[in-house]
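Step one of this worksheet: look at the structure below.
The values are calculated or read from the model by the stated rules, or taken from the named source; none is laboratory data. Keep in mind that this is a model prediction, so the values were computed, not measured. For neighbour counting, all protein chains shown are included, and Cβ atoms are generated from backbone atoms with ideal geometry for every residue, glycine included. Side chains included, ligands, DNA and RNA excluded: accessible areas come from the protein's heavy atoms. Shrake-Rupley method; radii C 1.70, N 1.55, O 1.52, S 1.80 Å.
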Amino acid sequence: MLMQQFKEVEAVTTELREALARAGVVLPSLRPDPVSIAHRYIPPLVDLGRCSMEVARQLANALAEPSRGGRGDRA
């Protein structure tokens, strides 16, 4: 079970990294959270990590642009 969760969190982290890269954003500290992976009672988490203000702005801009695959029709 633990190995399956590790593979799943690795896959979703890669998926997120690739989606962010397509939007022009790189989160240098993006990774599976090792503490949650080792924890017995909580699901694994993805650690988005720390980033510079410039990267935070890029991320905010990427999320605000519906043409980049975001959902601009959110209510």
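Details
- Complete set of residues in segment 1-35 that are small (Gly, Ala, Ser), without any contact (Cβ under 8 Å) to a residue 24 or more places away in the chain and in a helix (DSSP H, G or I): Ala11, Ala21
- Yes/no for Arg57 being more than 13 Å from the chain's Cα centre (by Cα) and modelled with pLDDT of 90 or more: yes
- Options Ser29, Ser36, Ser67; residue that is open to solvent by 50 Å² or more (accessible area, probe 1.4 Å) and either of a type outside the set (Lys, Arg) or at pLDDT below 90 (or both): Ser67
- If you go through segment 4-22 and keep only what is modelled with pLDDT of 90 or more and open to solvent by less than 80 Å² (accessible area, probe 1.4 Å), you end up with Val9, Glu10, Ala11, Val12, Thr13, Thr14, Leu16, Ala19, Leu20, Ala21.
- Residue tally, condition in contact with a Leu (Cβ under 6 Å, 6 or more places away or on another chain) and either in a helix (DSSP H, G or I) or loosely packed, with under 11 Cβ neighbours inside 10 Å (or both), over segment 45-64: 0
- Test set (1) open to solvent by 60 Å² or more (accessible area, probe 1.4 Å); (2) not in a loop (DSSP other than H, G, I, E, B) - Ile42 fails condition number: (2)
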